Amino acid sequence: MVSFDDTNRHRSRAVVALVVYISLFLDNMLLTVIVPILPDYLVHIDASVPESVIYKNFSLHYVPGLIGAGSSSIVQPVQPKASASTPAIEEEGGSIGILLGVKALVQLVANPIVGSGTGRFGFCVPIMFGSLNLLVASLIFGFGTSYGSLFVARAIHGVGSACIGVCGMSLVAQLYTEPDRRSRVMGTILGAMAVGVLVGYPFGGIAYEVAGKAAPFHVLALLCAGNLVLQYFQLDFQLATIQLRSLPRDSSTTATDDNGRLTWWPLLTHRLVLVVVGAIWISTSAMAILEPCLPIWMITHLHPKKWQLGTVFIPDSIGYWVGTNFFGTVAYRFGQIRVSIGALVLVGVSCLLLPSASNVVGLMLPHLGLGLGIGVVDAALVPLLATLVDNQLAARASYDPELSPDESTGRHAYGTVYAIQQIAVSAAYSLAPIIGGELVPVIGFSLLLRALGVLNLLYVPLLVYSGLRNSQSPGFGTIKQTELPLASSEPTSYRRFYNAVE
């Protein structure tokens, strides 16, 4: 058994990793369990909202609830005729769009706040606070009877997702310092998101049909409460308490600012960190654009059956799960940048091929490739960000022994880099659908998706150049001071982890 801490040496870090896995699973399950419920529920809240308005503003997962139960094929929704109530309908449609986007927008804002707070509160307190938010959001979803309650629940869910996403991966990075095990465990934990998506959708639909709207959220609330109990007994909150007590009352702001200068600025200005985060962002944007745009294209071009609309994203989730669970170790062995280059090519090719499908079955292979590529990118590059932080702290310590990083600084650095990564993901899911929704009527879905595929392929040379540049840097002991944040005092381990593509 591997000790978690001097004060908790009998606790296995594998159990703590399981806690993070469960938290991410419940986060994504809550995200998708509402998918088959929300459209019908919103129609009951305001009967004046036509199905075409809801259809326009909901992502792919929401479409099956908008189709008549007796129809065997899909007919394109007809726009309502203009009337005196049209302005009110358009206003309500905008409200629905805000409801759908508020979670990602709140998470986008909360990510840097959570990342900055890790130096002061550690990782365990935010994880438990995020899980508590999931519990509260589930209860509000279950008992809420108005648009306002749904809005508040999704906003609270966004805060919880930020806490769990940033601090969960940071805690795993801190526990697993061995690069090979870190890469494997992080990939497995990332797979929890795919499992949550796969379980959440059918569970929400079945529970809604059998027991009503509140039932799936009550079950989720019980699961979140059980997760909170598990966290209370398995996570270590003593470090955060000691850290808070050790800070003078009048110097808290200064301490936070000092940590911020030591982590945010070097990471935000270093080329490789930006390239890695950019690769995560551009690959995730492909999926983010597909969700709101693909259903309309399928209805107008492929005329699918109702059940096909509800299952079209299953290959993506399966591909993502395979990529995260089985390619973390592969990426470490063959080079994380090298493997991510191949995965980014796969994402680009899948985007190019997807609009060429002539039937729904033809979408399966490009969807599988897209999910697999994004999963491999995450499995390869998310652990790499932790290694960049390790190099940052090691370089500071070797350059000036007086700056030897303590645990608080290292904790804050992990929180910062994963806050940056989560900002990129949240930006993709909040901005890409808006951009896609505006461009599809202008240039068409096929051209938009192929353009995104070309952008993914054009990003590959930048990733190749970054891998070559960092692996061929001569004389790590003589690296310039401006490049210290990502320098390493051990050339062999540095080369192995970046594993140049030469």
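The values are calculated or read from the model by the stated rules, or taken from the named source; none is laboratory data. Only a predicted model underlies this, so the values are computations on that prediction, with no experimental measurement involved. Virtual Cβ from ideal backbone geometry, glycine too; neighbours counted across all protein chains shown.
May I ask you to verify whether A173 is crowded, with 24+ Cβ neighbours inside 10 Å, in contact (Cβ under 8 Å) with a residue 40 or more places away in the chain and touching a helix residue (DSSP H, G or I) at 6+ places or on another chain (Cβ under 9 Å)? For A173, the condition - crowded, with 24+ Cβ neighbours inside 10 Å, in contact (Cβ under 8 Å) with a residue 40 or more places away in the chain and touching a helix residue (DSSP H, G or I) at 6+ places or on another chain (Cβ under 9 Å) - is met.
Name every residue in region 104-125 that is surrounded by fewer than 24 Cβ atoms within 10 Å (Cβ to Cβ) and in contact with a Leu (Cβ under 8 Å, 6 or more places away or on another chain), in order of residue number. Those that are surrounded by fewer than 24 Cβ atoms within 10 Å (Cβ to Cβ) and in contact with a Leu (Cβ under 8 Å, 6 or more places away or on another chain): R120, F121, C124. Would you say L458 is without any contact (Cβ under 8 Å) to a residue 60 or more places away in the chain and not basic (K, R)? Answer is yes for this residue.
For region 307-329, give me the residue count where each residue is more than 19 Å from A192 (Cβ to Cβ) and either free of Cβ contacts under 8 Å to residues at least 40 places away in the same chain or touching a Lys or Arg at 6+ places or on another chain (Cβ under 7 Å) (or both).
Taking region 307-329 as the starting set, the residues that turn out to be more than 19 Å from A192 (Cβ to Cβ) are 307-312.
Now restrict to residues that are either free of Cβ contacts under 8 Å to residues at least 40 places away in the same chain or touching a Lys or Arg at 6+ places or on another chain (Cβ under 7 Å) (or both): 311.
Final tally of qualifying residues: 1.
As for region 409-420, it holds at least one residue that is within 30 Å of R154 (Cα to Cα), surrounded by 16 or more Cβ atoms within 10 Å (Cβ to Cβ), at pLDDT 85 or above and of a type in the set (G, A, S). When G97 is tested against the conditions (1) of a type in the set (G, A, S); (2) within 19 Å of the chain's Cα centre (by Cα); (3) modelled with pLDDT under 80, the lone failure is (2).
Among the listed residues S116, S131, S146, which satisfies the condition of being closer than 20 Å to Y232 by Cα, in contact (Cβ under 8 Å) with a residue 12 or more places away in the chain and of a type in the set (S, T, Y)? Spell out the reasoning first.
Values: S116 fails: closer than 20 Å to Y232 by Cα; S146 fails: closer than 20 Å to Y232 by Cα.
The match here is S131.
For region 420-441, a tally of residues being within 14 Å of the chain's Cα centre (by Cα) and among the β-branched types (V, I, T) returns 3. One residue alone among V199, V210, V172 is closer than 22 Å to G117 by Cβ and in a helix (DSSP H, G or I), and that residue is V172.
Restricting attention to region 198-209, the residues being touching a Phe, Trp or Tyr at 6+ places or on another chain (Cβ under 8 Å) and surrounded by 23 or more Cβ atoms within 10 Å (Cβ to Cβ) number 0. When region 132-154 is filtered for residues that are at pLDDT 95 or above and β-branched (V, I, T), only V136 remains.
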